[in-house]
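Notes for the one structure printed next.
The values are calculated or read from the model by the stated rules, or taken from the named source; none is laboratory data. From a predicted model like this one, the values you see are computed outputs, not experimental measurements. Note that each Cβ is placed from the backbone with ideal geometry, even for glycine, and that neighbours are counted across all protein chains shown.
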Amino acid sequence: MIEPALELRNLSVAYREAAVLRRVSWAAPASGLTAIVGPNGAGKSTLLKASLGLVPRLTGEALFFGQPLSAVRRRVGYLPQRASVDWEFPATALQVAAMGRYPRAGWFRPLPRAELERARAALAEVGMADFAERQIGQLSGGQQQRVFLARALALEADLYLMDEPFAGVDAATERAIVEVLHRLAREGRAVVAVHHDLATVAEYFTEVCLLNGELVAAGPVATTFTPENLARAYGGRLPMLDRPVPRTEPGAEPAWAAA
Amino acid sequence: METLLQALSFAGGHNTRMVALGCAAFGLAAGALGCFVTLRGRALIADAAAHATLPGLCIAFILAALLGGDPRSLPLLLAGGAATAGIGVLVAGGLVRGGRLRDDAALALVVSLGFGIGVALLSVVQSLPVGGQAGLTGFILGQAAGMGQSDALLIGGLALLALLAVAVLFRPLAVLCFDPEFAAVSGLPVRRLDLALMLLMLAVTVAGLRAVGLILVVALMVVPGATARLLTDRLPVMVPLAAGLGAFAAWFGTGLSAALPALPTGATIALVACALFMLALLFAPGRGVIAFALRQRRLRRDLLAELR
């Protein structure tokens with residue numbers, strides 16, 4: 001049987017007093033695109049960070065391809081929120097993308113030319129080839145997000161955990177990111193992304209995990225991303241629910257698979 | 001003037017030459033390491049650690065005097081200083097953990113506590129029969145005069161070891177400073193790297209105590225890096241540049257204080273570093289004040305021409 005890309009068993013996290021995540025057990029499919037959806041404070045980013053060991057877990061464990069993270073680190077990539085770093089850092093776009101090659105090329109020697117070319121290719125895939133030598137602080141928000149994505153792509157991971165990849169980017173960047181996601185899915189890789197725009201969940205993703213401190217529902221978008229489940233996740237205070245949620249036919253091929 | 005030229009051209013005799021080289025080695029290490037210390041947001045911790053060396057210096061002096069050792073032995077004094085500086089860093093970390101105190105408040109507290117205890121201990125030192133605190137006040141403002149060859153060797157050796165460690169850890173430290181979460185997911189031992197950065201910071205701090213003094217030693221970790229940052233957007237350029245600027249400031253400042261014996265060495269070194277910063281601030285090609293003003297004027301002119 002195929003191991004899930006990410007499996008959470010009984011995961012709980014607390015920062016101060018109240019638990020942010022309570023006993024979440026969930027498995028992301030071995031490949032394909034999964035959205036983590038829920039209201040503010042639902043613990044979506046925390047779920048990613050706790051899985052990766054970036055915040056301490058109160059209970060439970062996270063398995064990647066059936067193993068602890070330390071055993072399969074090379075196969076797992078992380079795309080943090082853009083706002084989590086200082087973009088005034090003295091580095092060029094290419095140098096940031098190249099950080100994605102260090103784990104494979106080794107940390108204690110200059111990056112060989114071939115590795116640097118891979119980082120450059122990752123920049124090119126997100127449409128940033130012309131900005132390779134630009135200081136990252138001089139890039140727009142959308143361009144910075146693309147550089148972060150390029151660094152993640154340079155990792156050549158099989159599972160990507162992405163924290164709001166579409167936050168604060170313009171339409172062109174959003175399209176560029178979607179194309180990258182589709183390429184990853186076509187290659188049989190898995191992406192688990194925190195996503196805020198309910199209107200595009202069905203368009204971009206095939207699986208969804210609805211979260212509100214606890215796991216509300218999880219499964220294929222077609223059967224899980226329903227007004228009833230959304231009402232449970234958002235506590236019924238969701239203007240979006242007045243509009244019909246776009247539904248895909250059960251069993252229909254997602255757009256990227258048909259290409 | 002002649003003394004300055006002599007000191008700078010290493011013509012002041014073997015001892016002066018060794019002291020100038022030892023100080024320059026310290027500047028080299030402080031400039032390079034300082035880039036990472038500030039990019040990781042640790043400049044205030046470095047300052048707190050420097051102030052927290054004073055109790056250790058005093059305790060080492062007192063213990064040596066009481067036990068019949070040499071209270072002016074530099075390795076002994078620096079070891080004492082490093083010990084209480086390390087405690088100061090741990091105390092600051094403990095106060096910040098769990099959100100008990102904001103980190104700036106915690107560090108101000110460590111500065112006050114360290115320096116307060118140190119000054120109180122200085123009066124104890126003064127009451128000792130072994131001859132006053134003269135040897136110790138030099139550590140507060142820095143006093144290159146009177147440094148011996150073995151002192152210079154110790155400082156230079158410590159600095160060069162720290163520099164070597166920075167060179168080896170260059171890429172892990174760079175990724176850690178830019179994005180600690182990405183570093184952790186990539187499998188870097190983030191805690192141990194931060195610890196290494198802290199230990200290197202302590203090593204460089206105590207290396208600078210004798211020449212620059214504990215009040216101004218942080219200047220050589222912050223100012224050369226800030227100067228280099230004005231001149232380049234790339235870390236692989238910024239770090240060697242900051243190292244060079246730090247070495248120059250330490251070497252030139254030491255020479256200057258030899259020519260102007262009334263000035264403490266720490267002040268001359270820090271002022272040379274700040275003068276270099278001011279020059280870069282004004283004249284840096286991309287980020288300098290003058291370049292910025294010229295660029296703005298040109299853009300305004302072009303825009304007005306377009307509108308016409």
Cβ pairs under 7 Å, 6+ apart or interchain, first in segment A:121-141 and touching a residue at least 24 places away in the same chain (Cβ under 8 Å), second basic (K, R), ordered by first then second residue, are A:V126/A:R146; A:G127/A:R146; A:M128/A:R146; A:A132/A:R120; A:G141/A:R82
For strands (runs of 3 or more DSSP E) lying entirely in segment A:1-103, having 2 or more residues that are in contact (Cβ under 8 Å) with a residue 60 or more places away in the chain and within 14 Å of chain B (Cβ to nearest Cβ) picks out A:76-79
The helices (runs of 4 or more DSSP H) lying wholly within segment B:180-287 that contain at least 3 residues that are away from chain A (no Cβ under 14 Å) and in contact with a helix residue (DSSP H, G or I) (Cβ under 8 Å, 6 or more places away or on another chain) are B:190-212, B:217-231, B:235-259, B:265-283
> What about A:L153, is it modelled with pLDDT of 95 or more, in contact with a Pro (Cβ under 8 Å, 6 or more places away or on another chain) and assigned to a helix (DSSP H, G or I)?
Replying inline: no
Among residues of segment B:123-150 being hydroxyl-bearing (S, T, Y) and at pLDDT 85 or above, the residue surrounded by the most Cβ atoms within 10 Å (Cβ to Cβ) is B:S150
**OP:** Determine whether B:A120 is in contact with a Leu (Cβ under 6 Å, 6 or more places away or on another chain) and either free of Cβ contacts under 8 Å to residues at least 12 places away in the same chain or buried (at least 18 other Cβ atoms within 10 Å of the Cβ) (or both).
**Re:** no
Scanning segment A:8-43 for residues that are over 26 Å from A:A199 (Cβ atoms) and out of contact with any Ser or Thr (no Cβ under 9 Å at 6 or more places or on another chain), the one surrounded by the fewest Cβ atoms within 10 Å (Cβ to Cβ) turns out to be A:E17
